[in-house]
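*Asks:* The structure is given below, and queries will be raised subsequently.
The values are calculated or read from the model by the stated rules, or taken from the named source; none is laboratory data. Treat the numbers as computed from the prediction; the structure is a model and nothing was measured. Positions of Cβ are generated from backbone atoms using ideal geometry, with glycine treated the same way; all protein chains shown enter the neighbour counts. These accessible areas exclude ligands, DNA and RNA; they are computed on the full protein's heavy atoms, side chains included. Shrake-Rupley method; radii C 1.70, N 1.55, O 1.52, S 1.80 Å.
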Amino acid sequence: MTLLLAQVASLFTAPWLAAAGAAAVSIPIAIHLLSRLRRKREAWGAMRFLLEAYRRHKQRLRFEQWLLLLVRCLLVAVLGLALAGPIVRGAITGGLGPGAGRSVHLVLDDSLSSRADDADGQSRFDRLKATARSVIEALDAGDTVTLYRGARPDAAALTGPRLDRDQVLQALDRMRPGYGPSTLPAALEAVRASLDRDRVSPGDGVVVLLSDFPRSAPYLDEPMDDALAGLGERARVLAVRPATSSDNVQIESVAPRRRMVLAQDDASATIPVQVRLRRFGGASDERAAAVEVAVLDAAGKTLATATRRPRLGAGQSVASVNLDVPVAFDGVVGGEEGRTLLLRARLEGDDALAADNERTAVVSVRSRLRVGVVDESAGAATGGGLNAGGWLRLALQPGAEAGANGAMRVSRMLPADVSARALAELDAVMIVRPDLLPDTAWADLGAFVRAGGLVWVFAPAVETTATWTRAMVGALGVSWRVGMDVLEPGVDEPAWSLDAEAPPPEALAVLAADWADLLRPVRVVRRLPIASVPDAAWLRLEGVADGGVLLAATYVEDGAALLLGTALDATWTNLMTKPLFVPLLHESLRSLLGSAPGREAGESLAGHRPRLGRAWEGVSLLTRVLAPGWADGGSGGALSVGVQEPIEEPGVYGAAESPGLRLAVNVDADAGDTQTADAARLAAWLDGLGPWEVLEADQPAAVLSRADAGTPLGWPLLCAAMALLLLETWLARVMSHAKAAERRTWTQRILNTVRHLRHDEPLRDSDADRKGAA
C-alpha cells in the first residue's frame, strides 16, 4: 500500500492538491444526502395525485439524480487533479508497478582503502556514505533503491529493491568498511542480473558507483567482462571522482623464518622473525618507522617483545626487518606435541590507514621432531662407510649418545614396517629405499602427507630401472615426471655441479647469505631425471639440457613431499660430506612442517572463507580469541563465524573443539594502497561499461534529475473540467422538468433585462415575455 501511494504521489507536482480534490468529491455526495432528509408529512387532498405521478416516473427520476451526481463528482475530482499538476512520464504505459519510478542501484565500495583518513581526519568511507545519503534523498518518491557492497563478492546486495527511504538509510547507517580489496566488477554483475531479472526498461535504471578507486585495484587493468560491456546502454551509469591520494606505510607481512621452531630446552626458544614493510606514496622522502614484534601464547598473553626502527630511504618502498626474539616459557614447551604461539607485529605511530599497521602469524614450538628413516638394513658401516640411512641419522641426530634428547628423535624402519599406525607416531618420513616399498605402504604414505606429514624420497643406489616412481607419483599426488633410467655425464665430461647462481627457495631463506658457497662444492655423477614445475625445483644442476632438477619439493594438501634425484652414496654424489647436507635437511624439515596452506599454523585473509586443513576436521564454529589492538579495545569480543562462511573481521580465531588450534586472519595487504587511480586510467575502465557520467558528490540532485521531465496534464484536465461544468449545467436544466414555455435561454433573459432597464420599468415575467421566450 505504501509503495502504491508513493508511486501515485510521484505523478503530481503538488500531491496535496490531488488529495484535496479527491476529498472534495464528497461535497456533492453530502449535498445529495442532505437534500433527501425526511421532513414531517402533512396530508392534504391534492397530494394523492402528485404521489401517483411520482410513482409512475420514480425510476427515471432516480437515474437522472444519480447521473447528475456522478457528473458533479467528476467535475470536482478533475478540477482538483488539474490544479495538482499531474505529469506523465513512463507510468502511463507501465501502470503503477515498478515502471512508475526508476530502479536505482547504489554500489558503495567498502574495501580496506576506504578506511583511509583524509587530511581533515574524515575517512573516505564516511564521505562515500554521505554522498550515498544525498543521492537517496534526491531521488523521486517512486524510485526504488538497492544498496550493494563493493568489496563483498559473496554478498554484494545489502538490501533488496526498497521504496521506503528510511529502511535504505538505516541499512546505509549500519554499513562498515571491510578489510579486503575492491571487487566492483562482481557488484556490477549483481546489478546487471537484477536489471535483467526485474525487466527494467532502458532509461529507467540508474547505477551509482561510489568508490575511492584505489590505484592497485586489479580490475582497472583487466578487460571488461562481456556481461558488463553494455551496462551504460542498459542503465544510466554515474561515478564519483577518485579520492585524493594519501601516504601510507603498512606491515605487509610477518612470518617466522621457520614455521616449526625447536626449543633449546624445555623452557625457552628463539623465534626467528621476518617483518616486511611497504609504503604507498611519499617514496621520494625518507621515512623512519618503529616496529614492535611480540610473541604471545595461544590465549594472547605476551611472552616477549622486541622493537626495531628501520628506515625507508628516498625511493625505497619496501623494507625487511629480521630479528630473533628469545622466549622463556612458564613451564615446559610441551614435549613432542609442542605448543602454539602467536607473532604480532605492530607499526607504531599514526598514518592514513591504521587497519594495516598490525599483522599476526602462528608458529609452532616443539622440543623435538619425530623422523622415521626407511632403509633395508640397520645402517651399519658397509665397506668402511655409511649407507644412505646411516648418513641421514648422523646428520639429523649427530652423536651416538644423543638418543631421544636431541632436536630430532630418529626412528629406523624397514620397508615392510611402513603402515598407517607407524606413521601416526611421526612428523616426517625419509625413504632411501623406495624400490622396496609395497603398494600398501605407498597408499599409507599418501594419506600421511595429505594429513600434514612430510615425505622425503631419495633415489636408491641401485642400477635397476626405477619403476617405483610411478607408484610414488600416483600415491603422493605430485605433478612431477620422473624418469626411470639413471643418467650420467659423458665420458669426457666432468661431474655435474649445482647452479650456485640460482636463489634459494623461500623455505630455505635463512641460508641465503651462504647459499652460493654451500652449493659450489657439491658434485653429482648419477641421477634420475626430474621434470617439475619451476616453483618446485629447489636444486638444479648447472648447464644440463633437461633442466637438471636435482631436488623437487611441493605441498600436498596439508603436508609436503620432496624428491632427491641422486642417491646418498659416494658413487652417486659427494653431497653427504659437504657443508650443505646438514642445514639442507634441518631447514627443510623445520620450514615445511606446519607451513602448508591450511595447516593448524595457518593464515587467512579477511573477507574470504578460511582454508582449513585436516587438523580442523570436526570444527563447526570459529571464535575470535584475539582482536587487533585498534579494534574492540584489543579483546576478542563475542565474534563467531561458521567454518564455511567468510571471516569478515581480522584477528586470531580458535575452536572450542580443539583449544590448541589457532588461525590468524589478517587484512589484505594489497588492498591497503591509499594512492588512487589517475583520471585517464579510471575513465578508460569506465568507458568499457558504455556511456557514463560524473556524479559530483556535493550536487547529486543536479545529475540525478530526470532527463525526461514528463508531459504536464494540467491544461487538458482544466478543459475537461470546463466541459464537465457545461454538461452539468445542461443536465441540470434538462432534468428540472420545467415547461418549455417557462424556460428561457440566457440570451433572452439578458435582452429582457436590458429592455426594461432602458424604459425604466420594473422587471417582471409578463405573459408577453413568456410568449416571446417560447
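*Asks:* So, in the stretch 362-377, of the ones that are of a type outside the set (Gly, Ala, Ser) and not in a strand (DSSP E or B), which residue ends up surrounded by the most Cβ atoms within 10 Å (Cβ to Cβ)?
*Replies:* Applying the first criterion (of a type outside the set (Gly, Ala, Ser)) to the stretch 362-377 yields 362-363, 365-366, 368-371, 373-376.
From what's left, not in a strand (DSSP E or B): 368, 375-376.
On the way: Arg368: 20, Asp375: 23, Glu376: 16.
Ranking the candidates gives Asp375 first.
*Asks:* On to the next question. Taking the stretch 477-511 as the search range and keeping residues that are among the hydrophobic types (A, V, I, L, M, F, W, C) and farther than 22 Å from Glu587 by Cα, which one is most open to solvent (accessible area, probe 1.4 Å)?
*Replies:* Applying the first criterion (among the hydrophobic types (A, V, I, L, M, F, W, C)) to the stretch 477-511 yields 478, 480, 482, 484, 486-487, 491, 495-496, 498, 500, 502, 507-511.
Then drop every residue that is not farther than 22 Å from Glu587 by Cα, which leaves 480, 482, 484, 486-487, 491, 495-496.
Values: Trp480: 10, Val482: 25, Met484: 49, Val486: 41, Leu487: 60, Val491: 147, Ala495: 37, Trp496: 35 Å².
Among them, the one singled out is Val491.
Here's the yes/no breakdown for (1) under 30 Å from Leu445 (Cα atoms); (2) in contact (Cβ under 8 Å) with a residue 24 or more places away in the chain:
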site	(1), (2)
Thr469	yes, yes
Gly490	no, no
Ala516	no, no
Arg526	yes, yes
Asp546	yes, no
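*Asks:* On to the next question. Are any of the residues in the stretch 689-712 modelled with pLDDT of 80 or more and more than 30 Å from Pro223 (Cβ to Cβ)? Quick ask: steps written out before the conclusion?
*Replies:* At the first step, the residues of the stretch 689-712 found to be modelled with pLDDT of 80 or more are 689-696.
Filter again for more than 30 Å from Pro223 (Cβ to Cβ), leaving none.
No: the stretch 689-712 contains no residue that is modelled with pLDDT of 80 or more and more than 30 Å from Pro223 (Cβ to Cβ).
*Asks:* Tell me which residues, restricted to the stretch 203-213, are in contact with a Ser or Thr (Cβ under 8 Å, 6 or more places away or on another chain) and open to solvent by 10 Å² or more (accessible area, probe 1.4 Å).
*Replies:* We begin by selecting, within the stretch 203-213, every residue in contact with a Ser or Thr (Cβ under 8 Å, 6 or more places away or on another chain); these are 204-206, 210-213.
Across the stretch 203-213, the qualifying residue is only Asp204.
*Asks:* With the condition kept exactly as written, say whether any residue in the stretch 676-684 is modelled with pLDDT of 90 or more, open to solvent by less than 40 Å² (accessible area, probe 1.4 Å), under 30 Å from Glu233 (Cβ atoms) and not aliphatic (A, V, I, L, M).
*Replies:* Yes, some residue in the stretch 676-684 is modelled with pLDDT of 90 or more, open to solvent by less than 40 Å² (accessible area, probe 1.4 Å), under 30 Å from Glu233 (Cβ atoms) and not aliphatic (A, V, I, L, M).
*Asks:* Specify the residue that is least open to solvent (accessible area, probe 1.4 Å); the eligible residues are those in the stretch 406-465 that are more than 25 Å from Arg590 (Cα to Cα) and part of a loop (DSSP other than H, G, I, E, B).
*Replies:* Filtering first and then ranking leaves Leu437.
*Asks:* Then there is this: For the structure I just gave you, tell me whether Glu542 is surrounded by fewer than 16 Cβ atoms within 10 Å (Cβ to Cβ) and outside the structural domain of Leu612 (by TED's automatic domain parsing). Before the answer, list the steps.
*Replies:* On the way: surrounded by fewer than 16 Cβ atoms within 10 Å (Cβ to Cβ): yes; outside the structural domain of Leu612 (by TED's automatic domain parsing): yes.
So Glu542 fits the description; yes.
*Asks:* Give, as residue ranges, the strands (runs of 3 or more DSSP E) completely inside the stretch 196-289 that count at least 3 residues that are β-branched (Val, Ile, Thr) and under 25 Å from the mean Cα position of the chain (by Cα). Give the derivation first.
*Replies:* Working: elements: 205-210, 236-239, 248-256, 260-262, 268-280.
Here the list reads 205-210, 248-256.
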